[in-house]
Structures are given as C-alpha cells and as structure tokens.
Amino acid sequence: MPVIWVLNGPNLNLLGTRQPELYGAMTLGEIEAQLCADGRARDAEVRCFQSNHEGVIVDRIQEAHGRAHGLIINPAAYTHTSLVIADALAAVDLPAIEVHLTNLFRREPERQRSRSAAACLGVICGLGGQGYRLALAALLDHLKEGKR
Ligand code: DQA
C-alpha cells in the first residue's frame, strides 16, 4: 500500500483564521481529513504533519526515507528561503509535490521564487486546498506507473 506523507510548514496550522481572503476558510484539519479520505478511497495511507520549525521539517523529510513512498510538501515561507529543506528533499530522493494554496506568481516578488521546487517532481499553486488533493492524485498515479 502506498504511503504518502504530507508536510506543512509554519503558520499553516492557523488556516481557517489566517488571512482567509488569501488562504481560504478551510482549516488544516479539514484539508488533512479530506486527504486521508482520498487516500483510503485509493488504498493508500496518508499521514499528515505540521511544524513551525525548519529543523523539524528536515527531520520529517529524513524520516520519510524508508517509511513513505512519496511526499506532499507546503514549506510555507521556508519555500522562499530554505536551502536546508531543498537539500533534505534532494537527499531522500522520494517523489515530492510542492503545494501552495495561493498563486505565488500573483504575489510579492520575494514569494515568486521557490528554493525547494527544483527538488520536487512538480508544483501546484493557486488552487487552495484543492491543490493538495490534486497533488495526492498525481503522486499516486506516478507511483502506480512504477516511477520513483
Ligand atoms: C504559502 C505561500 C507562502 O509564501 C506563505 O509564506 C505561506 C503559504 C501558500 O500556501 O500559498 O505561508 O506557502
């Protein structure tokens, strides 16, 4: 059974109340519950984590090696700054999809660059919580095709 880990970075624990005009009204718990249900419907296990700390996110990425078959990651503001997260993703060599709720290309210039995207299979941004569901579907299709 494919195992997918979903990692969310800083401030995403505040979804639902955090700038809902930008990030939407869904809570992280609601997004995660939907992903777990989608996973069950496709005979996959989905495990979700959130941390406000860069090192903890790196620990999770490292732990995923040997435990997960793929990753969905929204590094939040670390997207734009963290070589450490990019290095960890490259090091574990698992297929990963980076997700952003907002369309980074409609936002401030400093948000238009991702340090981690190059270590990922693909990036989905601007589709709100739906982006995570699309990422899960794409990752499971990718694994089903026997790709890494
Ligand atoms: C975000 C975009 C980042 O720029 C921001 O710092 C976030 C959320 C998104 O999902 O749109 O915290 O990753």
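The values are calculated or read from the model by the stated rules, or taken from the named source; none is laboratory data. Since we're looking at a predicted model, the values are computed, not measured. Here the Cβ positions follow ideal geometry from the backbone for every residue, glycine too, while neighbour counts run over all protein chains shown. In case anyone asks, the SASA skips ligands and DNA or RNA and just uses the protein heavy atoms, side chains included. Shrake-Rupley method; radii C 1.70, N 1.55, O 1.52, S 1.80 Å.
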### Message
Here is a check on your reading of the model: is residue 77 near the ligand (Cβ under 10 Å from one of its atoms) and either open to solvent by 10 Å² or more (accessible area, probe 1.4 Å) or modelled with pLDDT of 95 or more (or both)?
### Response
yes
### Task
For region 87-95, indicate whether the set of residues that are without any contact (Cβ under 8 Å) to a residue 12 or more places away in the chain and of a type in the set (Gly, Ala, Ser) is non-empty.
no
### Message
Can you find, within region 39-60, the residue that is surrounded by the most Cβ atoms within 10 Å (Cβ to Cβ) among those that are within 16 Å of the ligand (Cβ to nearest atom) and under 14 Å from residue 116 (Cβ atoms)?
### Response
57
#### Entry: Pick from region 21-38, criterion in a helix (DSSP H, G or I) and within 10 Å of the ligand (Cβ to nearest atom), ranking: nearest to residue 129 (Cα to Cα)
23
## Note on the structure
Reported set for region 80-102 where residues are near the ligand (Cβ under 8 Å from one of its atoms) and open to solvent by 20 Å² or more (accessible area, probe 1.4 Å) is 80
### Query
How many residues does region 8-20 contain that are more than 12 Å from the ligand (Cβ to nearest atom) and either under 22 Å from residue 82 (Cα atoms) or open to solvent by less than 40 Å² (accessible area, probe 1.4 Å) (or both)?
1
